[in-house]
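*Asks:* This is the structure I have questions about; it appears just below.
Nothing in this text is a laboratory measurement; each read-out follows from the coordinates by a stated rule. Note that the structure is predicted; figures quoted are calculated from it, not measured. Using ideal geometry, Cβ is built from the backbone for each residue, glycine included, and neighbour counts are taken over all protein chains shown.
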Amino acid sequence: MLKAERSEHAKTKDASKLADDGLPLHSFRTLLQDLGTLAYNITHTSLNPEAKIVLTTRPTPLQHKAFSLLGLNPACTQ
């Protein structure tokens, strides 16, 4: 049985470690690690300690693309 040959395009992606859109290639594990860096912080001010202020970090281009492909907006989750 013959082994499938890798295309030049696949070899180029392997060498550069970048996808066609310029974003880094990930395994599933490293993608989850990258997505896990998105933070959701709850804080308040000294003027009004009862007020709840929710801050989320701005997604990286890779995180934005991943959440878009999933149809999710991390800023609107609970």
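*Asks:* Students often check this: by mean Cβ neighbours within 10 Å, which of 31-40, 58-67 ranks highest, and how do the rest follow?
*Replies:* 58-67, 31-40
*Asks:* Here is a further query. Calculate the FRET efficiency for LEU23 and ASN73 from the Cβ-Cβ distance with a Förster distance of 22 Å, rounded to the nearest 0.05. Please report the intermediate quantities before stating the final value.
*Replies:* On the way: r = 19 Å, r/R0 = 0.86.
FRET efficiency, LEU23 to ASN73: 0.70.
*Asks:* Under the rule of -39500 (n - 2.57) per DSSP H run of 4 or more residues, summed and divided by the residues of the chain, what mean residue ellipticity at 222 nm is obtained, to the nearest 500 deg cm²/dmol?
*Replies:* -9500 deg cm²/dmol, from helical runs alone.
*Asks:* Let me ask something else. Based on alpha-carbon positions alone, could you give the equivalent ellipsoid semi-axes of the range 1-58 from the gyration tensor, as √(5λ), descending, whole Å? Kindly include the intermediate steps, with their values, before the conclusion.
*Replies:* Working: eigenvalues 424, 26, 7 Å².
Largest first, the range 1-58 gives 46, 12, 6 Å.
*Asks:* Using a cut-off of 17 Å between alpha-carbon atoms, which aspartates and glutamates can reach LYS11, once sequence neighbours fewer than 8 places away in the same chain are excluded?
*Replies:* In chain and number order, the partners are ASP20, ASP21.
*Asks:* Ranked highest first by average number of other Cβ atoms within 10 Å, how do 14-24, 41-51 line up?
*Replies:* Packing order, densest peptide first, comes out as 14-24, 41-51.
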